[in-house]
Structures are given as C-alpha cells and as structure tokens.
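Okay, structure first, notes after.
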Amino acid sequence: MDHTRDMEVQGPFDARYLAFLETITQVRPRLHRYCSRMTGSVMDGEDVVQEALFEAYRKLDQYDENRPLAPWLFKIAHNRCIDFLRRRGVRVEAETAAMTPDFIMPPTSPVLGIGRAVERLVISLPPKERACVLLKDVFDYTLEEIAELLSSTVGGVKAALNRGRSKLAALPEPVNSRREPNPDLSRLLRLYVDRFNQRDWDGLRELISADAQLRVVDRFAGLVERAPYFKNYERQLVPWRLSVAEVDGQLGIVTLHKHGDEWRPASVARLDVTDQHIVRIVDYAHCAWVLPAATSVVIRLPH
C-alpha cells in the first residue's frame, strides 16, 4: 500500500512549524475530515493532511493574508488527495468529464441529507464528484468557492455535484463487504500488541527492523531506535493497553484507555511490514480528531 511521503524532518519537529500548526488548530480537524473522506481512511487522510500542511508551511510567503486561510489550505489538501489517489491507482477520468461549463443542474436533482451517511457513501464516487459533494453538502462551500478550490468552473462544479448526488441517491443500502486481512500481518500485529502490553521492550525490538522509521505525528520523525518511544508509553499515568483493530477497513493498532471499568479507544497507530518485520510506525496519539472521524472501528480482541 502506498503512503504519503515523510516530511523532510529528522528528530523533534521545528518550533516554528509547531507554532504554525497552533495557528490552524480550528481548521485542522475539518481538513482531516475532508481528506479522510476523499481517501476513504482516517489514517491515510491524516497522512495527506500532514503532507499538505508541510507544503503550506513552506509556501507561507505565497499566501495572500487578505484572503481567508481555510480555502487556501483546503486547495492544497485537495491537490494532495488527488496525488494520493493517483498513486494508489484510483481511476480519475471523471475529472475531465465533469468540466463541461454549460450543464445546468435540474431543479428536481435529488438532495441528500448531510452528515455521516453521505460521508460513508461518498467514497464510491470518482474524485471530482466526491470533492464537490463533500465541499457543498458537508462543508457548505459555495459553488464559486468550490470552483476556485478545484480549479474548475461553476458549471463544471454543478455538473459534478449533480452526478454525484444522483449516484448517491441511487445506491442500495451499504452491505458489509469487509475483506479478510492478511493473516501474516495479523499475526505480526498480535505479537506486537502482546509484547507491548507486557512491556517486553526487548522482545518488541525483535519484531522491528533495525532501520525502521517512526513518526509520532506533530512530535517526532526519525529512526525508532533514536526515539524514547516505548519509555514514553511506559511513563503514561492513565491505564492503557493496545489492541489490534480495523479502522476504516485498515488493520492498525488502537490504544485503549481505562475509564472506570471500561476500556475506550483513545488513539490509533499504523504499522508497515516488510519481510515479517515492522519497517515503519506512524502514531497518531497527538491527533485527537483522527479516531473519532472513523466510520468504523472494530477492535479485534485476543482469542
């Protein structure tokens, strides 16, 4: 599976970049929600957001301070989503077809209720229709704003929006079509979880490649062996344990926190595996908006 490229940092994140993130605290969960629905995964969505925000940070000198910041960030994030979908091999020929400017949306076009129902189904649409439905029916952008964001025309947006709404209205009730996960990956993740929960750090390192990369989003990027990653978990005061989980259909690791007698999902991490060794860990523990944005979280308890 393709993932977004690592940010060009090693070690703790630069203080100036963290200050930039602080200025966009309010818009960031909305960016993540958009990218998650475009990519179909809250983890892929956050990876795309990370890539987009780093690009925006590098281009701050090009930003017109007389214009709203959110649409500028959404435009960068949208372009990164399209790049991601192309890298993943999603077909995007509808991008060109939706550009016809003389199409007028008929007044009888179906109007769907907004919210999670639309967001769950929108992944079935081609990228441009997906973006138009999300931006209009979920994020309430105007047609003119969407046209500028997508580098399209108002007519092109109307056409894509009409087709997208019509397709969504015609979809049957969603069925459970989950695929069985790779058994080798499942086995390795269960080993990782078991040893992590036992605080068996030496046994855990046996599962991890010597040059494995770690990204603790918003905190650190570099080699696992150079980070106090396991010690930081060991020092946590709240009772915690890990579990294998399927988040938006992708296998990952969910951290559970204990509240009274109940264990509740708190954060998620993604592990990449090559030749039966973990080669990359991406931990979203500091992104509180990621896990709540998932359309499905299935905790896979030990047998």
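Readers should treat all values here as calculations from the given coordinates under stated rules, not as data from a laboratory. These numbers were taken from a predicted model, which means no experiment stands behind them. Ideal geometry is used to build each Cβ from the backbone, glycine not excepted, and the neighbour counts take in all protein chains shown.
Taking packing as the residue-averaged number of other Cβ atoms within 10 angstrom, the listed peptides 119-125, 18-24 run from highest to lowest as 119-125, 18-24.
If you take all other residues with their beta carbon under 11 Å from the beta carbon of Gly203, and give Lys and Arg +1 and Asp and Glu -1, the sum is -1. Among the chymotrypsin sites (Phe, Trp or Tyr not before Pro) in the stretch 34-66, those located in a DSSP loop and surrounded by at most 13 other Cβ atoms within 10 Å of their own Cβ are Tyr63. The label point for Asp272 and the one for His259, both projected 7 Å from the Cα toward the Cβ, are 3.3 nm apart. A simple spin-label model places pseudo-atoms 7 Å from Cα toward Cβ; at Glu225 and Val27 they are separated by 4.1 nm. Summarising the label geometry, the points placed 7 Å from Cα in the beta-carbon direction at Ile299 and Leu191 lie 2.5 nm from one another. Scattering from the stretch 183-300 was approximated by placing one identical point on each alpha carbon and applying the Debye formula without solvent; log10 I(q)/I(0) at 0.12, 0.17 1/Å stands at -0.40, -0.84.
A Förster radius of 30 Å combined with the Cβ-Cβ distance from Tyr233 to Trp72 puts the calculated FRET efficiency at roughly 0.25.
For Val238, the shell of other residues with beta-carbons less than 12 Å away shows a net charge of +4, using +1 for Lys and Arg and -1 for Asp and Glu. Fully extending the segment from Ser124 to Arg199, taken as 0.36 nm per residue of separation minus the present Cα-Cα distance, adds 22.8 nm. For Lys231, which lysines qualify as cross-link partners when the Cα separation must be under 26 Å and same-chain residues fewer than eight apart are set aside? Reachable lysines: Lys258. The lysines whose alpha-carbon is closer than 20 Å to the alpha-carbon of Lys128, local same-chain residues fewer than 8 away aside, are Lys75, Lys136, Lys158, Lys167. Full extension of the segment from Arg16 to Asp83, taken as 0.36 nm per residue of separation minus the current Cα-Cα distance, would add 21.4 nm.
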